[in-house]
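I have a structure here, written as structure tokens, and I will follow up with some questions on it.
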Amino acid sequence: MVIVITGSASGIGLGVAQAFLQEGHQVVFSDLNQEALSQVAATTPSKNAIFIPCDVSSESACQNLIQESHKVFGSVDVLINNAGFQHVALLEDFPTEVFNKMLQVELVGPFMLTKCAFPLMKAQKFGRILNMASINGLVGFAGKAAYNSAKHGLLGLTKVCALEGALFNITANAICPGYVDTPLVRNQLADLAKTRQMSAQEALEKILYPLIPQKRLIAIEDIAKLALFLASDAAKSITGQPFVIDGGYLAQ
């Protein structure tokens, strides 16, 4: 299969892209950060991988990503909308331009990419849309007005995609991770530790782990395995669903 994944030069996106590549799929790595994408390309010597920079807030860039992927590999079978960023601030302090930008990247971008990929998937009568949402798409978090809004909206978009793709063997599902073991989360822990005058490990155990019944961060490999399953034929009857992978966070 041909996999197109945004935000795949680092973190979750990179791990998921590498997992599909290791399983023998053809993978289109895409990211806004061209330098990081070039570094991944330099360490990924595979004829099954191509690297296309993309700003998912631009419709022309989204069109180019899908068209070039189809041109090189002949199809677009799986679209994984993963690109995103974070900003935390109280409502009264939240910059409106940042709010708009986050919705553009994390909600409008997936819409535009799906809009471009859907005709190709319908024509081949096969497709898998995987939207990287979050537990923030299911519950609210203070300070995350834009992120919560985008991820809640992404779950709604996922359901619409599932309904419109149902008769064309196209499924659409959302992956909703909790706290994932990424450099971003580790850096946030380090910053938190400094403000609390404790070690990063102490911050993890005293501040984060009390929220997580399993007392561990989610491994990127676990998210990748879930993505592989949802893209497989074994999941052909699963569509329109949010898949929570959070170590028990939302069970409380």
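Any read-out appearing in this document is the output of simple, stated calculations on the displayed coordinates, not a laboratory observation. Because the structure is a prediction, the values reported are computed rather than measured. Positions of Cβ are backbone-derived with ideal geometry, glycine not excepted, and every protein chain shown enters the neighbour counts.
Under a crude label model (7 Å from the Cα following the beta-carbon direction), how far is S237 from A219 in nanometres?
Distance between the two pseudo-spin positions: 3.0 nm.
Please identify every one of the chymotrypsin sites (Phe, Trp or Tyr not before Pro) in the range 1-110 that sits in a loop by DSSP and has no more than 14 other beta carbons within 10 Å of its own beta carbon.
Answer in residue order: F85.
Please list, in chain and number order, the residues 5+ apart from I80 or on another chain whose amide H is under 5 Å from its amide H, with Hs placed from the backbone.
For I80, the qualifying residues are V4, I5, T6, L130.
Could you work out [θ]222 nm for the chain from helices alone, using -39500 (n - 2.57) per DSSP H run of at least four and dividing by all its residues? Round to the nearest 500 deg cm²/dmol.
Mean residue ellipticity at 222 nm (helix-derived): -14000 deg cm²/dmol.
Local charge sum around G248 (other residues, Cβ-Cβ under 13 Å, Lys/Arg +1, Asp/Glu -1)?
+1
Read phi for every residue in the range 168-177 and hand back ³J(HN,Hα) as whole Hz from Karplus 6.51 cos²θ - 1.76 cosθ + 1.60, θ = phi - 60°, with x for Gly and Pro.
Using θ = phi - 60°, the values come out as 10, 6, 10, 10, 9, 9, 10, 9, 10, x Hz.
Using Cα-Cα distances under 8 Å and only pairs 6 or more residues apart, what relative contact order does the range 1-143 have, in percent?
25
Across the range 122-132, in residue order, what do the Karplus-derived ³J(HN,Hα) couplings come to in whole Hz, using 6.51 cos²θ - 1.76 cosθ + 1.60 with θ = phi - 60° and x for Gly and Pro?
5, 5, 8, 6, 6, x, 9, 10, 10, 9, 7
Summing Lys, Arg as +1 and Asp, Glu as -1, what charge do residues with Cβ under 12 Å from the Cβ of G15 carry, G15 excluded?
-2
For V244, what residues show an amide H to amide H distance below 5 Å, using hydrogens built from the backbone and excluding near sequence neighbours?
Distant-sequence amide H within range of V244: C176.
Please order L167, L204, L113 by the number of other Cβ within 10 Å, starting at the fewest.
With the sparsest Cβ surroundings first, the list reads L167, L204, L113.
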